[in-house]
1. What does the C-alpha gyration tensor say about the overall shape of the chain? Classify as rounded when a/c is under 1.5, otherwise prolate if a/b is larger than b/c, or oblate.
2. Using the Cα centre as the reference, give the magnitude of the dipole from point charges on the C-beta atoms of segment 82-157 (Lys, Arg: +1; Asp, Glu: -1; all else neutral), rounded to the nearest 20 debye.
3. Rounded, prolate or oblate: pick one for segment 1-104, where a ≥ b ≥ c are the square roots of the eigenvalues of its C-alpha gyration tensor, a/c under 1.5 means rounded, and failing that, prolate if a/b is larger than b/c, else oblate.
4. Just report the Cα centroid separation between segment 129-184 and segment 23-77, whole Å.
5. For a label point 7 Å from the Cα of ALA156 along Cα→C-beta, name the residues of segment 96-124 whose backbone N is under 18 Å from it.
6. Determine ³J(HN,Hα), in whole Hz, for all residues of segment 47-60 in sequence, where each value follows from phi through the Karplus function 6.51 cos²θ - 1.76 cosθ + 1.60 and θ = phi - 60°; x replaces Gly and Pro.
7. Between rounded, prolate and oblate, where does segment 44-98 land on the alpha carbon gyration tensor, with a ≥ b ≥ c its root eigenvalues, rounded for a/c under 1.5, else prolate if a/b exceeds b/c?
8. If one takes the longest principal axis of the Cα atoms in the chain, at what angle in degrees, from 0 to 90 and to the nearest 10, does the Cα axis of helix 167-183 lie?
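The values are calculated or read from the model by the stated rules, or taken from the named source; none is laboratory data. The structure displayed is predicted, hence computed values, not measured ones. We place every Cβ from the backbone using ideal geometry, glycine too, and count neighbours over all the protein chains shown. Remember, those area values only see protein heavy atoms, side chains included, never the ligands or the DNA or RNA. Shrake-Rupley method; radii C 1.70, N 1.55, O 1.52, S 1.80 Å.
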Amino acid sequence: AAVVHPPVRTDFFTSGGERRGTFLYVGRLVAYKRADLAVEAFRGLPYELTVVGSGPGAEALRRDAPSNVRFAGDVSDDELRDLYRGAVALVAPGVEDFGIVMAEAQACGTPVIAPNDGGAKDIVVDGVTGWLVDELSADAFGRAVRLAAETPLAPAEIERSAQRFSAERFREQIRGEAERALDA
């Protein structure tokens, strides 16, 4: 079957600004998104994590979070773009079907740390546009965070890779698949 990924606003989520040395988690604070792994991965690390999002798991995450984790709640699109642009990397520990947040971050030139599973395998080129983690554990994500802090990747190459998910490319692919189906 042909796969056409959903469109990402790569015309809005663009690179710019300076990296501020913090890491970022973006998503609903629900169990399957695994924000708990992102938060726990920063326990004992010398880096900061900003958590963007809200949900039923917020209170427990805040209560148990180490002091280097900051909760921003829900933010505007402009604020989110600035956070992506300033992050060392996006930490996305949930297994997603696609993962628009990962593609948005990469459109801003920000690498992604994600499981070697699900949609991340379509979005992240390991060691080029981010890092794929083989084990769903806080320790494994902590190791990947250390690697990201010590091994900067090329933002321009990351941003270029994210253009695979642009709205224009989506329209072209949908049009092509519709034409193939009508010709069959």
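1. prolate
2. Details: 4 positive and 12 negative charges, 49 e Å.
It works out to roughly 240 debye.
3. Numbers: a/c = 1.89, a/b = 1.29, b/c = 1.46.
Oblate, since a/c reaches 1.5 and b/c is not below a/b.
4. 22 Å
5. Answer for segment 96-124: 106-111.
6. Going residue by residue, I get 10, 9, 10, 9, 9, 10, x, 9, x, x, x, 4, 4, 5 Hz, with x marking Gly and Pro.
7. Numbers: a/c = 1.34, a/b = 1.17, b/c = 1.15.
Cα axes put segment 44-98 in the rounded bin.
8. Compared with the principal axis, the helix lies near 40 degrees.
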